[in-house]
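These notes concern the structure reproduced below.
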Amino acid sequence: MAENRVGQLRWRVQVRRHPSAFLLAVQLLSLILYPLFDEMRSGRVLFGALGVIALMLAVWVVNRSPAKVWVAWLLVGPALALAVLSVVLGNDTLLVVSSALEALLYLYAASSLIAYMLGDHRVTTDELFAAGATFTLLAWGFAYAYFVCQAWYPGSFTGALRPGEPRTWLELLFLSFTTLSATGLGDILPLSSPARVLVMLQQFAGVAYIAVVVSRLVGLTMLRATK
């Protein structure tokens, strides 16, 4: 009994010390699992459930950072409610509005984590996890923005396969990751002006994130290692 309590206490300590690690783990887990269920309705439900967990973790991470947590709850509450209603009612408009709120939430959480990492001149383990979590938050945020753009401006994106059809969520997320990482594979392309503006904004965000945040963490880590 005592050993179980000690184990639970250690687990709680690790959770409180490294909240960014759990957010990063959920995001990566959803990436791994989603292709396995991409063509199944149950897969969409599973991905939606992981998205809910990620939203809750994003709010938790915001609470650990200097950002105002009430702003995150103001976004996550309506986003989840509209997402559920869109499934129950089969209303695509509600899904688009929910996606817009989720895009704002993920980008807000990413900005709060950046503020957290730039808040001092020490590099902690959680800040290193936060660097990875921030990347995934930015990728998810822009992917939701692409989804909204495609709904508002049909034909905004095309691809090597089925060029005349709307892009799937996984394709838009893939575009977001390749744009943010400056990989730019080119099999998913923006066509409309709003879509191209979004891609340019994400390209700028990706370059700025690497140049300012990641390079700073690397420099501080090397400085600490030399002491």
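Key figures
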read-out: Single residue of region 167-180 satisfying the filter (within 14 Å of the chain's Cα centre (by Cα) and either part of a loop (DSSP other than H, G, I, E, B) or aliphatic (A, V, I, L, M) (or both)) that is farthest from SER30 (Cα to Cα); value: LEU180
read-out: Residue list for region 153-166, filter: surrounded by 14 or more Cβ atoms within 10 Å (Cβ to Cβ), in contact (Cβ under 8 Å) with a residue 24 or more places away in the chain and either out of contact with any Gly (no Cβ under 9 Å at 6 or more places or on another chain) or assigned to a loop (DSSP other than H, G, I, E, B) (or both); value: TYR153, SER156, PHE157, GLY159
read-out: Residues within region 196-211 that are surrounded by 13 or more Cβ atoms within 10 Å (Cβ to Cβ) and hydrophobic (A, V, I, L, M, F, W, C), tallied; value: 5
read-out: Selected residue (criterion: surrounded by the most Cβ atoms within 10 Å (Cβ to Cβ)) from residues of region 171-195 that are in contact (Cβ under 8 Å) with a residue 24 or more places away in the chain and within 12 Å of ALA139 (Cβ to Cβ); value: LEU175
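Read-outs: derived from the displayed coordinates by stated rules, not from any lab. The structure displayed is predicted, hence computed values, not measured ones. So basically every Cβ, Gly included, is an ideal-geometry build from the backbone, and we count neighbours across all protein chains shown.
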